[in-house]
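**Q** Provided herewith is a single structure, encoded as structure tokens, for subsequent inquiry.
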């Protein structure tokens, strides 16, 4: 691996942290397969602190609230019952959760995988999958994230899936369709910008099969078996989903969606004449020409910026 002095606005990686970055071979694997299983990026103490903070969050603790409710906000509240919980913007609403997620090492890993000089938070969604094997909301159908990010210009965006515990198949871990980020897409229409929770599962399964056939590709589903403190990363065009939690314990995690420094809002027209939108669009500041600013540090803070002289 090339020796690089890697810094952020706040810190420099320690030699021990640098050893946790993906190797050149692992970066090449990510480019080919669309996913990466990390080394141990969070300590047990950091994960335990995240668990405790998430418990307080579910009990109603907030350091701030969103100034307005975006139209497609995922926001579980106790009145919704024992279904799979999704809560967006936890990095903004809760300071402890946000601080842990902004660990520079996580951004450095993402930057290396995406071959980007800067990584910003795009969204952080906390997820709680109850141990109810027959609960319909526990099944996450096949999809890829870029469909929901059509108003984003970048094709390098990626997601870190961060479980709060050892996470295997019995818990309904995230599962990747190997190499699917490299497929040429066919059969897509405006409905793809709608979240999978608002779509027909059979239609999504059919779309996956059609795209695999068109690309003469085998559908290889790879469950991510993730030890505590480790995480998976996947490309924004990698098909993924998850199954039932039959473990007897809740599956708890955060999906930390990340954007490279070049990402910006773009105009993406839909067939009805409207533009594709993201929840940020009603929250973030505006650029000088009036566009939503996906670099607004209030909602999209920088967690990694490479400032380095490459060495041999």
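**Q** Given (1) in contact (Cβ under 8 Å) with a residue 12 or more places away in the chain; (2) surrounded by fewer than 24 Cβ atoms within 10 Å (Cβ to Cβ), where does residue 119 come up short, assuming only one miss?
**A** (2)
**Q** Please name all residue pairs, on different chains or six or more residues apart, with Cβ atoms under 7 Å, provided the first residue is in the stretch 40-53 and is closer than 19 Å to residue 90 by Cα and the second residue is at pLDDT 95 or above and part of a helix (DSSP H, G or I).
**A** Taking only residues 6 or more apart or on different chains, the pairs are 46/100; 49/96; 49/100; 50/97; 50/100; 53/96; 53/97.
**Q** Filter the stretch 111-152 down to residues that are assigned to a helix (DSSP H, G or I) and in contact with a strand residue (DSSP E or B) (Cβ under 9 Å, 6 or more places away or on another chain), then give me how many there are.
**A** Number satisfying all stated conditions: 8.
**Q** Now, a different point. Got at least one residue in the stretch 37-49 being farther than 18 Å from residue 227 by Cβ and part of a helix (DSSP H, G or I)?
**A** No.
**Q** Exactly one of these conditions fails for residue 307: (1) under 30 Å from residue 45 (Cβ atoms); (2) crowded, with 19+ Cβ neighbours inside 10 Å. Give me its number.
**A** (2)
**Q** Could you tell me whether the stretch 272-288 includes any residue that is under 20 Å from residue 170 (Cα atoms) and part of a loop (DSSP other than H, G, I, E, B)?
**A** Checked the stretch 272-288: no residue is under 20 Å from residue 170 (Cα atoms) and part of a loop (DSSP other than H, G, I, E, B).
**Q** Being modelled with pLDDT of 90 or more and over 20 Å from the mean Cα position of the chain (by Cα): is that true of residue 188 here?
**A** Spelling it out, it is not the case that residue 188 is modelled with pLDDT of 90 or more and over 20 Å from the mean Cα position of the chain (by Cα).
**Q** Inside the stretch 289-300, can you point out the residues that are in contact (Cβ under 8 Å) with a residue 24 or more places away in the chain and either buried (at least 16 other Cβ atoms within 10 Å of the Cβ) or not in a loop (DSSP other than H, G, I, E, B) (or both)?
**A** 292, 293, 294, 295, 299, 300
Residues checked against (1) touching a helix residue (DSSP H, G or I) at 6+ places or on another chain (Cβ under 6 Å); (2) surrounded by 14 or more Cβ atoms within 10 Å (Cβ to Cβ); (3) closer than 20 Å to residue 157 by Cα:
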site: 51; (1), (2), (3): no, no, no
site: 60; (1), (2), (3): no, no, no
site: 84; (1), (2), (3): yes, yes, no
site: 102; (1), (2), (3): no, yes, yes
site: 114; (1), (2), (3): no, yes, yes
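**Q** Here is a follow-up. Restricted to the stretch 191-240, and to residues that are at pLDDT below 95 and not in a helix (DSSP H, G or I), which residue is surrounded by the most Cβ atoms within 10 Å (Cβ to Cβ)?
**A** Across the stretch 191-240, the extreme among qualifying residues is 199.
**Q** Give the residues of the stretch 153-164 that are in contact with a strand residue (DSSP E or B) (Cβ under 7 Å, 6 or more places away or on another chain) and in a loop (DSSP other than H, G, I, E, B), sorted by residue number.
**A** Once the filter is applied, which keeps residues that are in contact with a strand residue (DSSP E or B) (Cβ under 7 Å, 6 or more places away or on another chain) and in a loop (DSSP other than H, G, I, E, B), the stretch 153-164 yields 154, 156, 157, 164.
**Q** Shifting gears a bit: Could you check how many residues of the stretch 1-48 are modelled with pLDDT of 95 or more and within 11 Å of residue 104 (Cβ to Cβ)?
**A** 4
The values are calculated or read from the model by the stated rules, or taken from the named source; none is laboratory data. Model, not experiment: these values are computed from the prediction. FYI the Cβ positions are ideal-geometry reconstructions off the backbone, even for glycines, and counts take in every protein chain you see.
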